[in-house]
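One structure is given below, encoded as structure tokens.
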Amino acid sequence: MLILGRRAGDSILIGDGIRVVVLAVDRKGVRLGIEAPSDVTILRGEIVTDIAAENQRAGAAGAGNQAWLDVIGGPQRDEPSASEDEAPRLRRDG
């Protein structure tokens, strides 16, 4: 990790197309401006972490929901029928 000291108005260049500018510094934190090409995705780290945790929780809840449906006799997951297990066969006349 590269650690730099910067003041308001200073900038950092990353590669050929990304520029990070320190807009303001105060007791609450630092405000950054980021200039980057439109094809570069910029995400806040805490948002990515929160979304990953929520997706993990939702996946675990989905498994629990099926178990609850089993208990109450609700709809079951579709099981493939025997005919669906076999791939269709093409007939070739020779």
So which trypsin sites (Lys or Arg not before Pro) in the range 1-51 are both in a DSSP loop and have at most 12 other Cβ atoms within 10 Å of their Cβ? ARG7, ARG27, LYS28, ARG44
Where a ≥ b ≥ c are root eigenvalues of the Cα gyration tensor, a/c under 1.5 meaning rounded, otherwise prolate if a/b exceeds b/c and oblate otherwise, the range 15-64 counts as oblate
Length-normalised contact order for the range 1-47 - Cα pairs under 8 Å, 6+ apart - percent: 26 percent
Along the range 9-19, Karplus-curve 3J(HN,Hα) (6.51, -1.76, 1.60; θ = phi - 60°) to the nearest Hz, with x for Gly and Pro, reads x, 6, 9, 10, 9, 10, x, 8, x, 10, 10
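FYI, it's all coordinate maths here, none of it is from the lab. Remember, predicted model here, so these are calculated numbers, not experimental data. Methodologically, a virtual Cβ is constructed for each residue, glycine included, from the backbone with ideal geometry; neighbour enumeration extends over all protein chains shown.
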